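**Q** Please find one structure pasted underneath; my questions will follow.
What follows is calculated from the coordinates using simple rules that are stated; it is not laboratory data. Here the structure is a predicted model, which means the values were calculated and not measured. Here the Cβ is made from the backbone with ideal geometry for all residues, glycine too, and neighbour counts use every protein chain on show.
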Amino acid sequence: MDSTIENKTITLLDQGYVELQEMMGNDLAIVNAARVSYLGESKGDESDEKLLNYLMKNKHTSPFEMVQFKFRIKCPLFVARQWQRHRTWHYMSVNEVSRRYTSEKIDFYMPEQWRLQHESSKQASEGVADTELQTFCQESLNEVVNHAVAVYNYMIDNGVAREQARMLLPQNIYTTFICSVDAHNLLHFLLLRRHQHAQYEIRVYADAIWSHFFKPLLPWTAIAAEKYLFSNELD
Ligand SMILES: Cc1cc2nc3c(=O)[nH]c(=O)nc-3n(C[C@H](O)[C@H](O)[C@H](O)COP(=O)(O)OP(=O)(O)OC[C@H]3O[C@@H](n4cnc5c(N)ncnc54)[C@H](O)[C@@H]3O)c2cc1C
């Protein structure tokens with residue numbers, strides 16, 4: 001069972017990242033948690049992987065909660081809003097960058113491409129804007145951000161409280177937070193947020209967590225999830 005990774009920080013979008021700060025447990029910890037119910041021990045890779053598949057297939061989910069991940073995330077504010085709807089994650093909100101405490105280091109997400117509104121799905125996009133519209137959107141966002149930052153800085157420099165001045169800053173502002181989650185609830189997040197119904201920007205983060213961290217660190221669980229979890233739900 002190979003479960004090591006070299007790069008613990010993956011850069012995403014234009015200025016975002018996911019950093020794996022800590023991890024506790026591995027595929028074997030899941031198997032051992034299941035076997036504890038009858039005081040069993042590892043019976044070798046083949047038998048252990050078979051048991052793990054059985055657990056995933058039959059939704060015996062609690063052993064998967066034995067594995068914990070802790071991430072530091074830098075993402076646009078609107079992605080953080082979607083992320084934080086997942087109540088089973090632990091958000092160490094004290095570590096989220098708060099514009100009440102700091103007016104330093106303001107970064108904004110500038111998309112590479114502007115997508116068009118999906119015709120039949122109210123919450124989705126499809127295709128991309130033509131060149132003229134791309135340019136208009138890009139230039140307009142630049143203008144809005146530059147103006148917002150200029151007014152924000154003027155307010156701060158003139159003593160306006162940061163907790164109110166931050167109202168000037170648009171939703172594409174980056175925020176950073178630390179969060180932890182167990183493997184069972186991370187799989188649920190990945191199921192929803194890697195899906196094509198999810199917004200592109202959060203999908204980028206979910207895909208990175210899946211391919212750079214989850215798959216290499218929990219290879220048996222990843223294979224079982226592809227077989228029994230991701231393939232059956234959300235048509
Ligand atoms: C494509 C997409 C579109 C979305 N659109 C919208 C939208 O338009 N508006 C909107 O408001 N939200 C929207 N959401 C957010 C969505 O409704 C969920 O809040 C979010 O996906 C978190 O899912 P969850 O509750 O299953 O996850 P978690 O909060 O991590 O919970 C995981 C599971 O634990 C159980 N659970 C957790 N807490 C409780 C509880 N208190 N009581 C009972 N069971 C609990 C549930 O079984 C739940 O599925 C959208 C999500 C997606 C993926």
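**Q** With angles folded into 0 to 90 degrees, how steeply does helix 183-193 sit against the dominant principal axis of the chain? Use alpha carbons for both and round to 10.
**A** With rounding to tens, the tilt is 50 degrees.
**Q** Taking the Cα centre of segment 110-168 as the origin, how large is its charge dipole in debye, to the nearest 20, when only Lys and Arg (+1) and Asp and Glu (-1) carry charge on their Cβ atoms?
**A** Here the size comes out at about 340 debye.
**Q** Rounding to the nearest 10 and keeping the result within 0 to 90°, find how far the Cα-based axis of helix 219-228 lies from the longest principal axis of the chain.
**A** 90 degrees
**Q** Would you count, across the chain, every pair of lysines whose alpha carbons are under 19 angstrom apart, provided the pair is eight or more residues apart or spans two chains?
**A** Value for the chain: 12.
**Q** So for the chain, taking the charge dipole from beta-carbon charges (+1 Lys/Arg, -1 Asp/Glu), which of V149, L229, H195 sits furthest toward the positive end?
**A** L229
**Q** While we're here: Once the Cβ-Cβ distance between R203 and T61 is put in as r, and R0 is 25 Å, what FRET efficiency do you end up with, to the nearest 0.05? Before the final figure, lay out each step's value.
**A** Numbers: r = 24 Å, r/R0 = 0.95.
Between R203 and T61 the formula returns 0.60.
**Q** Oh, and also: Can you give the helix-only mean residue ellipticity at 222 nm for the chain, where every DSSP H stretch with n ≥ 4 adds -39500 (n - 2.57) and the sum goes over all residues, rounded to the nearest 500 deg cm²/dmol?
**A** Dividing the helical sum by the residues of the chain leaves -11500 deg cm²/dmol.
**Q** Return one number: the angle in degrees, 0 to 90 and rounded to the nearest 10, between the long axis of the Cα atoms of helix 131-157 and the longest principal axis of the Cα atoms of the chain.
**A** Helix 131-157 and the main axis of the chain meet at about 80 degrees.
**Q** Only Cα pairs within less than 10 Å get springs; with that Gaussian network setup on the chain, which residue of N158, N172, N26 has the largest fluctuation?
**A** Top of the fluctuation ranking is N158.
**Q** Now a separate question. Which whole-number percent gives the relative contact order of the chain, counting Cα pairs below 8 Å spaced six or more residues apart?
**A** Numbers: 317 pairs, mean separation 75.8, N = 235.
Relative contact order, the chain: 32 percent.
**Q** Something else: Please give the charge dipole size of the chain, origin at the Cα centre, charges +1 on K and R Cβ atoms and -1 on D and E Cβ atoms. Round to the nearest 20 debye.
**A** Values: 24 positive and 30 negative charges, 166 e Å.
Its charge dipole is roughly 800 debye.
**Q** OK, next. Put +1 on the Cβ of each Lys and Arg and -1 on the Cβ of each Asp and Glu in the chain; which of A34, F78, C137 then has its Cα farthest toward the positive end of the dipole?
**A** Farthest towards the positive end: A34.
**Q** Please identify the longest segment of the chain free of exposed GluC sites (Glu not before Pro), where exposed means a DSSP state other than H, G, I, E or B and no more than 16 other Cβ atoms within 10 Å. Walk me through the intermediate numbers first.
**A** Numbers: sites that count: E6, E41, E96, E104, E112, E119, E233.
The reported range is 120-232.
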